[in-house]
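Asker: First the structure, then my questions, so here it is.
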């Protein structure tokens, strides 16, 4: 959004400056050219008035002296041309008035045409300013007074004026950039605070709020709405946690009492009812196990993660050591990663809990004689992964997608102990840590579960 503000306001500012500066530059050139022409026209008219008497009487020494003094003082050649177009008197010896522009103006004056304004002098035009004035009276033209003014100083003055104008434009643009930056900061500060608060909310820090006193009124209103939403979410989650805690307390006691009563009834159960009695005990145990899984899933969905730098190899080796005895009792060979180090950025507690759920599933479905391999590997796209591979029945592509849904179980696995929440809990914990859970088929058979996590950010060089 900051870039959009710059791309919106700065071109408008530049267009406004150009719209003002171009006419001003043109007007400056026209004004200076006109001032110079008026000044030279006055001098030329004076020479024309003196030349009339000089040409009629033949006494030209005084006029010649005037022209020489004028040229010496101002550096402007001046001359008087007779009616034949020949230079009669000039400020310089062998003054050449043969250029096309001068001859054209002289012919116009000899024909009796009144003097006209000179065109605007531009910095890139090097020609002189030619001013002519007919000499004569009562409609009779006996000669022409001519001044040929160099325009170098005028052009240099225009370049200096335009340079100052350009510098002023650049200064205004610089001030505009600073002003736009301040405005953008004022406008976008609430947006940045909203972004930070939204990230905090996604990480489970529900006490974060946005200061709604800064920025435009629309963003202040948005901040107030966001704070209200965050507060409502916090209330709802707190109610959820309270409900889970209350349900845990209220349901565990009846389940424990029910199991105790069923156990006490065992001596009174006859041979024909022992199988039903055992099934009732199993159902009570299954309900308790299901409730524990639901509690773990609710906690995984609502818990906030605290990601730090962890060594995936060390963490995977520790979990392999923790599950090796359990796997051995079930006849499953469990191996951990080799020595090494692989850094990642995650919440260690959440990652351990997710790994426990995945390893539990792998051991359970590998069955007696199966193998479970826990390893760690780098991911080419700047990541790292913990991989759990088993030799169980595996899953199809469709089953791999459905397996992350709560309570999903394959029809063939309905009689196997479990709640269908193991991979769902692992997925929730991994996602909360900023990673992703991938389920693929193992080679030659089985399931390959990969937890992909971000790697620690590199510190900038100092």
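The values are calculated or read from the model by the stated rules, or taken from the named source; none is laboratory data. No experiment lies behind these values; they were computed from the predicted model shown. Backbone-built Cβ (ideal geometry, glycine too); neighbour counts: all protein chains shown.
Asker: Just to check your reading of the model, which residue among 195, 207 is part of a loop (DSSP other than H, G, I, E, B) and modelled with pLDDT of 75 or more?
Answerer: From the options 195, 207, the qualifying one is 207.
Asker: Right, another one. What are the residues in the range 130-157 that are surrounded by fewer than 21 Cβ atoms within 10 Å (Cβ to Cβ) and at pLDDT 85 or above, if any?
Answerer: Correct list: 150, 152, 153, 154, 155, 156, 157.
Asker: Please determine whether any residue of the range 377-392 is at pLDDT below 80 and not in a loop (DSSP other than H, G, I, E, B).
Answerer: No, the range 377-392 contains no residue that is at pLDDT below 80 and not in a loop (DSSP other than H, G, I, E, B).
Asker: From 321, 338, 347, 292, grab the single residue that is outside the structural domain of residue 388 (by TED's automatic domain parsing) and at pLDDT below 90.
Answerer: 292
Asker: Just name the residue that is farthest from residue 149 (Cα to Cα) out of those in the range 81-95 that are free of Cβ contacts under 8 Å to residues at least 40 places away in the same chain and surrounded by 12 or more Cβ atoms within 10 Å (Cβ to Cβ).
Answerer: 85
Asker: Taking the condition surrounded by 15 or more Cβ atoms within 10 Å (Cβ to Cβ) and either assigned by TED's automatic domain parsing to the domain that holds residue 121 or not in a helix (DSSP H, G or I) (or both), does residue 49 pass?
Answerer: No: the conditions fail for residue 49.
Asker: Report the residue count in the range 52-79 for those that are in contact (Cβ under 8 Å) with a residue 12 or more places away in the chain and not in a helix (DSSP H, G or I).
Answerer: 6
Asker: How many residues are in contact (Cβ under 8 Å) with a residue 60 or more places away in the chain and either assigned to a strand (DSSP E or B) or under 33 Å from the mean Cα position of the chain (by Cα) (or both) when one looks only at the range 438-454?
Answerer: Of the residues in that region, 8 qualify.
Asker: Something else about it: May I ask you to list the residues in the range 336-353 that are touching a strand residue (DSSP E or B) at 6+ places or on another chain (Cβ under 9 Å) and assigned to a loop (DSSP other than H, G, I, E, B)?
Answerer: Residues satisfying the conditions are 336, 337, 338, 340, 341, 342, 347.
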